[in-house]
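Structure in structure tokens, see below.
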């Protein structure tokens, strides 16, 4: 059905006002067979016919870039993005030296205490800037610096790995070397000391990594780097307050410690990229597409699925210790909201930009809500 075209009919429909849209839809219902009305084509057309609405007092409140997968994020005031996500986000990861499998904080919680920092940004340099990586004081691990965006000449001096394994995906990568001259230990050797096992720090190679289609986007055509699944994670600031409210009602049950009567659940636990405020808890659940910033010129960002959560948010970004219950056991009680994954809790939505753009803290947001909300 998606291949059917009705140019004369669609051009005749006036969609400039709510009244005109209703009248036009009535005409469409009369003319089109019932079989057409149940098709994906009609739902897609209805969705694309509705304009995005700029939401009053809804603004970007925080932007978080996570250069090394599962390590500490960086709060920035602005960030450029491409179809693969925020600039420098998840461009690096740590892999096991024996089997090239990506290691995450699910396996090694203290990864969240490794702190990357973007410094000396200079787009005219061969590597655009520097990523400095430091460790907790008690680790005994010295800091090191690597190229922020190495050019091909630099990459040609690094060892290339053709197969890095991330869940069901196979990616290519380069083993990173330090700047400006090799220290007594390489980045991989320093990280191996921290992990207590042989590991490598790797930088994503040029081979595209397609993302999986979703029920709402069966023909999704975009790529990602070392993110779990999709280029962006979007989350409302008010969501953590709502989770805390629910959490406090379960203190003393199912292993939820008394300290959670007063402790704050920071949004960094959920590792979002774009945080907004003003729309209310979990507002993004209802959004189908958004634009951020220079409206209406900013690229569309398709929100392709809800983000199902594992135990990673249970890890404190301040201590690197995994809580035995929070927030997972609370989320599973009231955030099983995805019909396609009824046994999993969801927080945030996965986004796929349809072009390149710039996001700033304070930017306004325009959104189109889903037809089924």
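Does the range 247-257 contain any residue that is crowded, with 20+ Cβ neighbours inside 10 Å and outside the structural domain of residue 93 (by TED's automatic domain parsing)?
yes
Turning to a different aspect of this structure: May I ask you to say which residue of 289, 268, 284 is touching a residue at least 24 places away in the same chain (Cβ under 8 Å), under 30 Å from residue 221 (Cβ atoms) and part of a helix (DSSP H, G or I)?
284
Suppose we filter the range 109-126 for residues that are surrounded by fewer than 19 Cβ atoms within 10 Å (Cβ to Cβ) and part of a loop (DSSP other than H, G, I, E, B); how many remain?
Qualifying residue count for the region: 7.
Please go through the range 345-370 and give me each residue that is part of a loop (DSSP other than H, G, I, E, B) and touching a helix residue (DSSP H, G or I) at 6+ places or on another chain (Cβ under 8 Å), ordered by number.
Of everything in the range 345-370, those that are part of a loop (DSSP other than H, G, I, E, B) and touching a helix residue (DSSP H, G or I) at 6+ places or on another chain (Cβ under 8 Å) turn out to be 345, 370.
Right, something else. Would you mind stating whether residue 177 is assigned to a helix (DSSP H, G or I) and out of contact with any strand residue (DSSP E or B) (no Cβ under 6 Å at 6 or more places or on another chain)?
The answer is no for residue 177.
Another question, then. Can you find, within the range 149-185, the residue that is surrounded by the fewest Cβ atoms within 10 Å (Cβ to Cβ) among those that are in contact with a helix residue (DSSP H, G or I) (Cβ under 6 Å, 6 or more places away or on another chain) and free of Cβ contacts under 8 Å to residues at least 40 places away in the same chain?
178
From (1) assigned to a loop (DSSP other than H, G, I, E, B); (2) over 17 Å from the mean Cα position of the chain (by Cα); (3) surrounded by 16 or more Cβ atoms within 10 Å (Cβ to Cβ), pick out the condition that doesn't hold for residue 207.
All conditions pass for residue 207, except number (3).
Tell me which residues, restricted to the range 198-214, are more than 18 Å from residue 91 (Cβ to Cβ) and touching a strand residue (DSSP E or B) at 6+ places or on another chain (Cβ under 7 Å).
214
Go over the candidates 304, 326, 275, 337 one by one and state the one that is at pLDDT 95 or above, assigned to a loop (DSSP other than H, G, I, E, B) and crowded, with 19+ Cβ neighbours inside 10 Å.
Of 304, 326, 275, 337, the one residue that is at pLDDT 95 or above, assigned to a loop (DSSP other than H, G, I, E, B) and crowded, with 19+ Cβ neighbours inside 10 Å is 326.
Next question, about the same structure. Scan 94, 133, 102 and give me the residue that is closer than 26 Å to residue 322 by Cβ, buried (at least 21 other Cβ atoms within 10 Å of the Cβ), out of contact with any helix residue (DSSP H, G or I) (no Cβ under 8 Å at 6 or more places or on another chain) and outside the structural domain of residue 273 (by TED's automatic domain parsing).
Just a single option satisfies the conditions, and that option is 102.
Matching residues to (1) farther than 19 Å from residue 271 by Cβ; (2) touching a strand residue (DSSP E or B) at 6+ places or on another chain (Cβ under 7 Å); (3) in a loop (DSSP other than H, G, I, E, B); (4) modelled with pLDDT of 95 or more:
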site: 90; (1), (2), (3), (4): no, no, yes, yes
site: 94; (1), (2), (3), (4): no, yes, no, yes
site: 158; (1), (2), (3), (4): yes, yes, yes, yes
site: 173; (1), (2), (3), (4): yes, yes, no, yes
site: 183; (1), (2), (3), (4): yes, yes, yes, no
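The values are calculated or read from the model by the stated rules, or taken from the named source; none is laboratory data. These numbers come from a predicted model, not from an experiment. Using ideal geometry, Cβ is built from the backbone for each residue, glycine included, and neighbour counts are taken over all protein chains shown.
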